[in-house]
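Visitor: First the structure, which I've put down as structure tokens, then a few questions once you've had a look.
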Amino acid sequence: MKHRQICNPKIGIVNPDGHAIGVDIGATSVRAAILSHGTTDGRPSVSVHGCGHVDLPPGAVLNGVVCDQHAVTAALRQMWSQNHFECRNVILGITNQQTVVRDLAMPALPHDQLVKALPYQAREVVPLPLDQALIDWLPLGEADPSGMVPGLLIATPRQPVLAAVQAIESAGLQVARVDLSSFAALRAIADENHGVEAVIDIGAHMTNIIIHRHGVPKVVRAVARGGQELTERIVDRVGLDPERAEAAKRLQGLQATNRNFTDALSEGLRPLLAEVRGSIHYFGTTEDSAPVERLSLTGGGSALPGLADLFGEHLGMPANVVAPMQHVRNRLASKELQNEDAELSATAVSVGLAMGAAA
Ligand SMILES: Nc1ncnc2c1ncn2[C@@H]1O[C@H](COP(=O)(O)OP(=O)(O)OP(=O)(O)O)[C@@H](O)[C@H]1O
Ligand SMILES: [Mg+2]
């Protein structure tokens, strides 16, 4: 799967020690995964060398956007020092509701000409002022007989990317590449051998919905829905304080016996289910449409007891929670830097960003 994104050619994506590090800045915490790429039995494989996470104060990151750069910088510094990370060139994940990913075929041009031609092509399809957007294009195959190369146009608001990059640089790190968090989740979670699958990363504020066909993204959406609003609904409806509501949500979820409690959760999940259904429906109207065979869920929000079953029932297909490290071999390659807890803190986004270093 090749989901390349905007690179800084002056900075190595792979660090001098051969490791790639993905940084996922979410609403609840910053997370990093350090991987190396190699071969096992003649096939490409990935090993993990380190993972870490540090919680963020509420409000530091809202809907995927860094709002308090100092808090994010402090959390990154802490994560680096407490895990003794040595890599300093990182791959940053970006989530933004306004990100646009669209099919766009481009002529087979040399890179510099492609860069010049892209804004003209993008103007037609990107609903953002182009001077306020970062634009990239991802080839998805070889040129057809008419010389056009199939690919994806990616556009995202520039300012939130700059805010995240500044927070990282203030921590003494360098951003070697910026990638979409949804592409990273897809890389970590998707089973390329599977025909058509929906990968859904449910966070605290944001949910990434990606429908892929044999690993090629066909629908990519980020919606402002997540686990935080479920906790808020429990607070409002059941009258628990936020801490207890959060704990009860994690422990009992949709399997609780209190009807008020489960109703609060089901109602809170309805808009998210509608978003997923809408994405599947939209895919059904495209040229490449084919039945979606299954849902693969990830992100903290997917751990809600009973959520996978609810999604499976409502959308009429198998739904499972998938571990972020499912495609990573040689886990805990470096035992002295690692422990099981750290590995559990890795997110599909942090793992998938580092996996993308080979792309
Ligand atoms: N066991 C659980 N049951 C239900 N919800 C859970 C559980 N564990 C975590 N969560 C929820 O997952 C959310 C955090 O998920 P995650 O860490 O993926 O988000 P994030 O990446 O920090 O945020 P975002 O991607 O929205 O910026 C929180 O809303 C939390 O309540
Ligand atoms: Mg997240």
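Visitor: When only Cα pairs under 8 Å and 6 or more residues apart are kept, what is the percent relative contact order across segment 231-316?
Guide: 32
Visitor: Right, something else. What value, in deg cm²/dmol to 500, does the helix sum -39500 (n - 2.57) over DSSP H runs of n ≥ 4 give at 222 nm once divided by the residues of the chain?
Guide: -10500 deg cm²/dmol
Visitor: If you count, for each residue, the other Cβ atoms within 10 Å and average over each peptide, how do 168-177, 16-25, 71-80 line up from highest to lowest?
Guide: 16-25, 71-80, 168-177
Visitor: Compute the relative contact order of segment 149-279 as a whole-number percentage, counting only Cα pairs closer than 8 Å that sit 6 or more residues apart in sequence.
Guide: The normalised contact order for segment 149-279 reaches 15 percent.
Visitor: At residue 192 and residue 288, where each label point lies 7 Å from the Cα along Cα→Cβ, what is the point-to-point distance in nanometres?
Guide: 1.4
Visitor: Right, another one. Got a sec? How would 243, 287 order by Cβ neighbour count within 10 Å, fewest to most?
Guide: So the ranking, lowest neighbour count to highest, is 287, 243.
Visitor: Could you tell me the distance between the Cα centroids of segment 170-195 and segment 109-126, to the nearest Å?
Guide: Segment 170-195 and segment 109-126 have Cα centres separated by 23 Å.
Visitor: Could you point to the residue in 351, 268, 170 farthest towards the positive end of the chain's charge dipole, with +1 and -1 charges on the Cβ of Lys/Arg and Asp/Glu respectively?
Guide: 170
Visitor: Please report the orientation-averaged projected area of segment 236-297, defined via the convex hull of its C-alpha atoms, in nm².
Guide: The orientation-averaged projected area of the Cα hull of segment 236-297 comes to 5.4 nm².
Visitor: Still on this structure: Could you please state, rounded to a whole Å, how far the C-alpha centre of segment 59-104 is from the C-alpha centre of segment 225-266?
Guide: Each part's Cα centre sits 28 Å from the other's.
Visitor: Classify segment 118-219: rounded, prolate or oblate, from the alpha-carbon gyration tensor (a ≥ b ≥ c, eigenvalue square roots; a/c under 1.5 rounded; otherwise prolate if a/b is larger than b/c)?
Guide: oblate
Visitor: What percent do you get for the relative contact order of the chain when only Cα pairs under 8 Å and 6+ apart count?
Guide: 24
Visitor: Under 26 Å between alpha carbons: how many lysine pairs meet that in the chain, if sequence neighbours fewer than 8 apart on the same chain are excluded?
Guide: 5
Visitor: Given the C-alpha atoms of the chain, compute the convex hull and give its volume per residue in Å³.
Guide: Convex hull volume per residue, Cα atoms: 146 Å³.
Visitor: Convex hull over the Cα atoms of segment 87-169, averaged projected area in nm²?
Guide: Averaged projected area of segment 87-169's Cα convex hull equals 6.7 nm².
Visitor: Right, here's the next one. Antiparallel DSSP bridges in the chain: what percent, to the nearest 5?
Guide: Around 75 percent antiparallel, to the nearest 5.
Visitor: Taking K and R as +1 and D and E as -1, what net charge do the other residues with C-beta under 9 Å from the C-beta of residue 275 add up to?
Guide: +3
Visitor: With Kirkwood's inverse mean 1/r over C-alpha pairs for Rh, give me the Rg to Rh ratio of segment 1-134, two decimals please.
Guide: We get a ratio of 1.02 for segment 1-134.
Visitor: Of the candidates 11, 200, 94, which one comes out as most mobile in a Gaussian network treatment of the chain with C-alpha springs shorter than 10 Å?
Guide: Taking springs between Cα atoms under 10 Å, the residue moving most is 11.
Laboratory data are not the source of any read-out in this text; all were calculated from the coordinates shown. Just so we're clear, the structure is a prediction, and the values are computed from it rather than from any experiment. Note that each Cβ is placed from the backbone with ideal geometry, even for glycine, and that neighbours are counted across all protein chains shown.
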